[in-house]
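Below is one structure, written out as structure tokens; comments come after it.
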Amino acid sequence: MKLQLQITTRDVPHSEALEGHIRQKAEKLETFYPHIMGCRVVVEVPHKHKHQGRVFNVRLDITVPGKELVVNREPHEDVYVALRDAFGAAKRQLEDYGRRQRGDVKSHAPVLRGRVARLVEDEGYGFIETPDGQELYFHRENLASNNFDQLAAGSEVQFLEDIASEGFQAKRVSTGKHHIENFEEETDKE
């Protein structure tokens, strides 16, 4: 393990099993982001309440180049569950930090809505009319659920727009009742 690990427990009895579990979780973090410089883990029992059982709070301070990531999860009655939640959140933060450093930030294509303008059933394709009047080609293989035979002209659909060699086309086309109201709201605005 390259990273420097510091484990602190407050109002929690020392346990080799607990410390070993924390070390194992900390080592695994390096698989998600290999440039971790240090990790401080604090396990404590906050505020002792008479009417509430013993709860454990876990805080992680992870030092990476140029930043310190902090994870402070809600307390839990089981120390191992509290550790699992904290290290899970740390994993996600490290993956996001790594993506930002590499410039791999995800961007999702917007989901669009439209109506089936026309179908060429025997050849398995059709065209979708968007609220702005544009028509996009789609093939039966572009349907999210294999229901091409249930489509008809005027059917409400939701889809993603993608560029192909012939121009823009619709991909991941899906149908459903909840799409009708949204489409009608968009066309009423114009």
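The values are calculated or read from the model by the stated rules, or taken from the named source; none is laboratory data. This one's a predicted model, so the numbers in the text were calculated from it and none came from an experiment. Please note: Cβ atoms are built from the backbone with ideal geometry, for glycine as well, and neighbour counts cover all protein chains shown. Just the protein is used for accessible areas: all its heavy atoms, side chains included, with ligands, DNA and RNA removed. Shrake-Rupley method; radii C 1.70, N 1.55, O 1.52, S 1.80 Å.
Brief remarks follow.
- So residue 63, is it over 21 Å from the mean Cα position of the chain (by Cα) and open to solvent by 20 Å² or more (accessible area, probe 1.4 Å): yes
- Only one of the listed residues (112, 160, 119, 83) is of a type outside the set (Gly, Ala, Ser), surrounded by 17 or more Cβ atoms within 10 Å (Cβ to Cβ) and not in a strand (DSSP E or B). That residue is 83.
- Residues of the stretch 106-153 satisfying the condition of being touching a helix residue (DSSP H, G or I) at 6+ places or on another chain (Cβ under 6 Å) and either under 21 Å from residue 166 (Cβ atoms) or free of Cβ contacts under 8 Å to residues at least 60 places away in the same chain (or both): 124, 131, 140, 148
- Residue, farthest from residue 110 (Cα to Cα), within the stretch 122-157, restricted to residues that are assigned to a helix (DSSP H, G or I) and open to solvent by less than 50 Å² (accessible area, probe 1.4 Å): 148
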